[in-house]
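Colleague: Just passing along the structure, written as structure tokens.
We did not get these values from a lab; they are worked out from the coordinates using the rules stated. Please read these numbers as outputs of a predicted model, since none were measured by experiment. Methodologically, a virtual Cβ is constructed for each residue, glycine included, from the backbone with ideal geometry; neighbour enumeration extends over all protein chains shown.
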Amino acid sequence: MPELPEVENTRRYLVQAGLPGRTITGFRTGWPKSVRKPALEEFVLRLGGRRMEAVHRRAKYILVPLDTGATLILHLGMAGRLRLQPGSQPAHPLVHHVFFLDDGSELRFQDGRKFGKLWLAQDAMEVLPALGPEPLGEGFTAEALARALAGRIAPVKALLLEQSVAAGMGNLYADESLYLAGIHPLRPAAGLSLQEIARLRDAIVEALTSAGAQYDRSRAESWPDPPLALETWTIPRQLAAPCLRCGGSIEGIRVRARSTYFCPGCQE
């Protein structure tokens, strides 16, 4: 599933490609179930002739404010991709949603697994779930993370997946952050010391910042068709693979039904 770095990379790609300022002239979908709010007919009518003012991100959501004050909200689902391409260019066969634009280009939503979602809301808060601080924002401090974990006996890995703890975090970067911090994914959150929580907070920021930098380089090197998904983590995601730090074997477990990789020698 696209996580914070992938969604932020998509946002930056759309800005760089010139989406802000374009006007939507039409919309076509091959999978109407993805349109969650409002009903499809109203969704199409309210989009027509509307100018896209900017492209923002909140957690794993892409937010596109329109000149009416409403916001187009997109969630990429498990494997969604957004591309801004000339209308004359053949579309990928897994493109299920197309926004037609005033300059002849098309914003194409490729969603092979059909888990993507689209909303149009006057207030984005009507759609977005309860979200914690952005991990790369000023509000994501060690103190804030400590408050979110206080008194909770669930495994720290499980809590990092809750969007109320760190908005936009997902399975891959939770593993990476715990690996960088040297913390076992099954440790009860309430048992972490303040020093360990501060280390985890710094590791989260490091993991996401490093991923963002790799995506920035990729766009610069591969424009105008950069990859929208890279393997930007360092922990080997393969059983018995050697740990990059100690040379020991990587182990795998399931935490809340999510594949979890860690080094038993480095993560305590």
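Colleague: Quick one: Karplus J couplings for segment 218-227, per residue in order, coefficients 6.51, -1.76, 1.60, θ = phi - 60°, nearest Hz, x for Gly and Pro?
Modeller: 5, 4, 5, 7, 10, 4, x, 10, x, x
Colleague: May I pose another question? Output the Kirkwood hydrodynamic radius of segment 132-205, Cα pairs only, in Å rounded to one decimal.
Modeller: 11.6 Å
Colleague: Among the GluC sites (Glu not before Pro) within segment 75-161, which fall in a DSSP loop and have no more than 10 other Cβ atoms within 10 Å of their own Cβ?
Modeller: Glu138
Colleague: Treating the beta-carbon of each Lys and Arg as +1 and of each Asp and Glu as -1, no other charges, what is the dipole magnitude of the chain about its Cα centre, to the nearest 20 debye?
Modeller: 660 debye
Colleague: Using Cβ counts within 10 Å as a stand-in for footprinting exposure, how do Arg113, Arg12, Arg51 rank, fewest first?
Modeller: The most exposed by this proxy come first: Arg113, Arg51, Arg12.
Colleague: Modelling each spin label as a point 7 Å along the Cα-to-Cβ direction, I'd like the Ser164/His184 distance in nm, to one decimal.
Modeller: Result for the modelled spin labels: 2.7 nm.
Colleague: What whole-number volume per residue, in cubic angstrom, does the convex hull of the C-alpha atoms of the chain give?
Modeller: Residue-normalised Cα hull volume stands at 133 Å³.
Colleague: Read phi for every residue in segment 186-191 and hand back ³J(HN,Hα) as whole Hz from Karplus 6.51 cos²θ - 1.76 cosθ + 1.60, θ = phi - 60°, with x for Gly and Pro.
Modeller: 8, 4, x, 4, 5, x
Colleague: A further question follows. List the GluC sites (Glu not before Pro) in segment 217-253 that DSSP assigns to loop (not H, G, I, E or B) and whose Cβ has at most 14 other Cβ atoms within 10 Å. Which are they?
Modeller: Counting only loop positions with at most 14 other Cβ atoms within 10 Å, the GluC sites (Glu not before Pro) in segment 217-253 are Glu231.
Colleague: List every residue whose amide H lies under 5 Å from the amide H of Ala79, counting only residues 5 or more places away in sequence or on a different chain, with H placed 1.01 Å from N in the peptide plane.
Modeller: Result for Ala79 returns Arg113, Phe115.
Colleague: What is the gain in length, in nm to one decimal, between Ala130 and Arg245 on full extension, counting 0.36 nm per residue of separation less the C-alpha to C-alpha distance?
Modeller: Answer, rounded to one decimal: 37.7 nm.
Colleague: If you don't mind, another one. Which shape class applies to segment 114-268: rounded if a/c is under 1.5, otherwise prolate when a/b exceeds b/c and oblate if not, where a ≥ b ≥ c are the square roots of the Cα gyration tensor eigenvalues?
Modeller: Since a/c reaches 1.5 but b/c is at least a/b, the shape of segment 114-268 is classed as oblate.
Colleague: To make sure I understand, if each residue's beta carbon is the centre and we count other beta carbons within 10 Å, what order do Asp111, Asp225 fall in, fewest to most?
Modeller: Arranged by neighbour count, lowest to highest, Asp111, Asp225 become Asp225, Asp111.
Colleague: Further question: Restricting to DSSP H runs of at least four residues, report the calculated mean residue ellipticity at 222 nm for the chain, -39500 (n - 2.57) per run over all residues, nearest 500 deg cm²/dmol.
Modeller: When only DSSP H runs of four or more count, the value is -9000 deg cm²/dmol.
Colleague: Next up: Test of the criteria: in segment 1-83, which chymotrypsin sites (Phe, Trp or Tyr not before Pro) are in a DSSP loop and have at most 12 other Cβ atoms within 10 angstrom of their Cβ?
Modeller: Sites meeting the loop and neighbour criteria: none at all.
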